[in-house]
Structure formats: C-alpha cells, structure tokens
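Student: What follows is a structure written as structure tokens; I'll ask about it next.
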Amino acid sequence: MAYVAQATRQRTRIPEGRKGEALRRTYPKDVSVGAEALAWSLVTGLARQLDGAARLPGRAPQVAAPEKTVHCVYGHEALAWQMLCIVVRSAIPDLGRNGVQAPNDYCLDRPGLLETRVQPFGDEELLPYAIRESAGDGRPRTVYRFSALPQANDAETAKVVARLRRAAALLADAISGTVLDGEGFPVRAGVEDADAY
C-alpha cells in the first residue's frame, strides 16, 4: 500500500548551527517548506502510524527513527514551569529549566534524555486537522512539545519515548488538552509505564 501527497516543490537551504547539522543528516542539501513541508509531514506521519517508510522525490526512503518521536499537547494558557514539573513528575522526575524567553515560552529537560519545549501557538500557525473540529472558536494558545534524545540503543530510546507519552497524557488530563504526535496524528492509546531512570 502506498500514499502520495502532491504539493508544489518548495525548498530552502539549511542554516548553519547545531540544528542545521542534525537536519543535514536527514536532508543533505535543502529542507521542505510551505505546502511541501505540510505534505511531507502528512506522509511521514502516515509512515510512522503504519510502521512504513516515507520518501521525498529524489531521496532515499526514510523510516521514522524512535528518537525522532515527538508528543505535542495543545492547550490554552501555559503552565508556569514549576507547575509543569509537578504535573509530569511521576513520568519524568527531576526536570530542570534550561532556557526561558517568557512565562509562556520556555524549555525543560533531563540532559541527554529528553526535552520539553513550551511555546505560544499563534493564529498564523497551522492547526492540526485532528483537532480543528473540536477546537472551534477556542483555538489552543500553547503547545507543549515532548522530544526524546537519541540513546545508546533502541530499547533505551523506547523507555524514554514511553516516559514522554505518559507525561503528555498526564499533562493533557491536567489542562484538558489534546495529545498529538509531531506530525499531527492522535497518539495511540495504551500508555505503558517504563522502568525508572
């Protein structure tokens, strides 16, 4: 079975810097933007859901790596970073703040394991299809992104991802939010516990 998303090709050069280096490993020359980025997100999301692979024209197929798992919680007002630590403490103990722009724009992490980025969700940003109908006029104002960092092996990465999934579910319950994956698909039910760190 194959799914195809057609869009006008839109690419941009990858900027220098740490994030640029990571992007260049996946996209050697340039990265999709605009409509092509949206189509690519749809295809990679389907590939992740169906345990398949996705391919941009002219590139090799890519399988979604476990360490690229992202869980997003969409909600309204951002929690203070101290309160977020309390809410997710049973899933991710000992989170620390590693960056702050504003009370609704900050980052928490467990160095070498995972990162939680909290940012305003602006009116100009594309609202994921999975929550458009339920959002109505109450558009989310905050997105919490839980990201895993690569571990020594897939089993260790899977433990971190399980923690992220559990933390995202705890947060969604606390703020009446919605959990989606990084591509905008609902996260599968069945939150399993992982061994303690």
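The values are calculated or read from the model by the stated rules, or taken from the named source; none is laboratory data. Only a predicted model underlies this, so the values are computations on that prediction, with no experimental measurement involved. Cβ coordinates were reconstructed from backbone atoms using ideal geometry, including for glycine residues, and neighbour counts include every protein chain displayed.
Student: Would you check if there is a residue in the range 123-139 being modelled with pLDDT of 85 or more, part of a loop (DSSP other than H, G, I, E, B) and hydrophobic (A, V, I, L, M, F, W, C)?
Tutor: no
Student: Related question: Report, by residue number, each residue of the range 87-126 that is of a type in the set (D, E, K, R) and within 18 Å of the chain's Cα centre (by Cα).
Tutor: The answer is ASP105, ASP109, ARG110, GLU115, ARG117, GLU125.
Student: While we're on this one: Go through the range 41-78 residue by residue and tally those that are surrounded by fewer than 20 Cβ atoms within 10 Å (Cβ to Cβ) and closer than 15 Å to ASP105 by Cα.
Tutor: Total meeting the criteria: 2.
Student: Restricting attention to the range 118-127, does a residue exist that is hydrophobic (A, V, I, L, M, F, W, C) and more than 21 Å from SER176 (Cβ to Cβ)?
Tutor: Yes: the range 118-127 contains one or more residues that are hydrophobic (A, V, I, L, M, F, W, C) and more than 21 Å from SER176 (Cβ to Cβ).
Student: Filter the range 114-149 down to residues that are touching an Asp or Glu at 6+ places or on another chain (Cβ under 9 Å) and among the aliphatic types (A, V, I, L, M) and give me whichever is surrounded by the fewest Cβ atoms within 10 Å (Cβ to Cβ).
Tutor: LEU149
Student: Note down all Cβ pairs under 9 Å where the first residue falls in the range 98-114 and is among the β-branched types (Val, Ile, Thr), the second is modelled with pLDDT of 90 or more and in a strand (DSSP E or B), and they're at least six residues apart or on different chains.
Tutor: VAL100/TYR106; VAL100/CYS107
Student: Turning to a different aspect of this structure: Kindly indicate the residue of the range 163-197 that is surrounded by fewer than 17 Cβ atoms within 10 Å (Cβ to Cβ) and modelled with pLDDT of 85 or more and also farthest from ALA47 (Cα to Cα) among those meeting that condition.
Tutor: Ranking the qualifying residues of the range 163-197, first place goes to ALA174.
Student: Next question. Take VAL160 and decide whether it is closer than 29 Å to LEU38 by Cα, outside any strand (DSSP E or B) and modelled with pLDDT of 85 or more.
Tutor: yes
Student: Let me ask something additional. Tell me the strands (runs of 3 or more DSSP E) entirely within the range 15-112 that contain at least 2 residues that are at pLDDT below 75.
Tutor: 30-32
Student: Please go through (1) more than 18 Å from GLU77 (Cα to Cα); (2) crowded, with 17+ Cβ neighbours inside 10 Å for ALA152 and return the number of the only condition it doesn't satisfy.
Tutor: Answer for ALA152: the failing condition is (2).
Student: If you check ARG141 against the conditions, is it basic (Lys, Arg) and touching a residue at least 40 places away in the same chain (Cβ under 8 Å)?
Tutor: Judged against the criteria, ARG141 is a match.
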